[in-house]
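Here the structure is laid out as C-alpha cells; the discussion comes afterwards.
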Amino acid sequence: MKRNNSRIKAMIVLYNYDLLGEKPNYEYLNQIIQEEEEVSLDEDFFNELVDGVINNWDEINRIFSRNLKNWTFERMSIVDRNLIRIAIYEMLYTKTPATIIINEILNLTHEYSELDDGLSSKFNNKILDEIRKSINGK
C-alpha cells in the first residue's frame, strides 16, 4: 500500500510539473508527503519516482511517443500520461517486474482516470504493453 500511495502522490506532483513546467521545490514535496498523515507513504520511493521521472523526462517522453500509434501524448489526459511516465521510469530504473508495474498503473487508471466506458484502461494497457516490449526488446 505504501508504494501505491507513493505512486499516487508522485502522479500529483508530476501532474503539476507537466502543467506548469516548473520543478517542484522541497517545501512543496514535503507538503505533499505530510498532507494526509493517515496515508502511509514510502517517502524514498516517492522521491525516487518524482526525481527520476523529472530528471529523465526527455528520455521517458521519447520512449512514450515512440510507442503511440496514430496518437500523441499531448492528446491524452494529464493523469494518464503521467501514470504512464511513472510506469516507464519504473520499467527502466527499478527491479519491479513490468507485469506488476502495469497492473499497479492500471489500478490507478481505474481509480483516477477511468470513465464508465473503460476505454482509458484499455488504451493505457495497450500502450504499456507496447512500451514493455520495446524496453525488454521483445
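Where a number appears in this text, it was derived from the coordinates with a stated rule and is not lab data. Just so it is clear, the model here is predicted, and its values are computed rather than measured. Ideal geometry is used to build each Cβ from the backbone, glycine not excepted, and the neighbour counts take in all protein chains shown.
Annotations
- Using θ = phi - 60° and Karplus 6.51 cos²θ - 1.76 cosθ + 1.60, couplings along region 61-69 (whole Hz; Gly, Pro as x): 5, 5, 4, 4, 5, 4, 9, 9, 9
- Between the listed residues MET76, LEU49, ASN4, the Cα displaced farthest toward the positive end of the dipole of the chain, a dipole computed from Cβ unit charges relative to the Cα centre, is found at MET76.
- Order of VAL79, VAL53 - criterion: other Cβ atoms within 10 Å of each residue's Cβ, fewest first: VAL79, VAL53
- Shown here: Cα extents along the principal axes in Å, derived from the displayed model; of the candidates (1) 40, 32, 30; (2) 38, 36, 30; (3) 57, 28, 24, it corresponds to (1).
- Per-residue ellipticity at 222 nm, computed for the chain from helices alone with -39500 (n - 2.57) per DSSP H run of at least four residues, works out to -23500 deg cm²/dmol.
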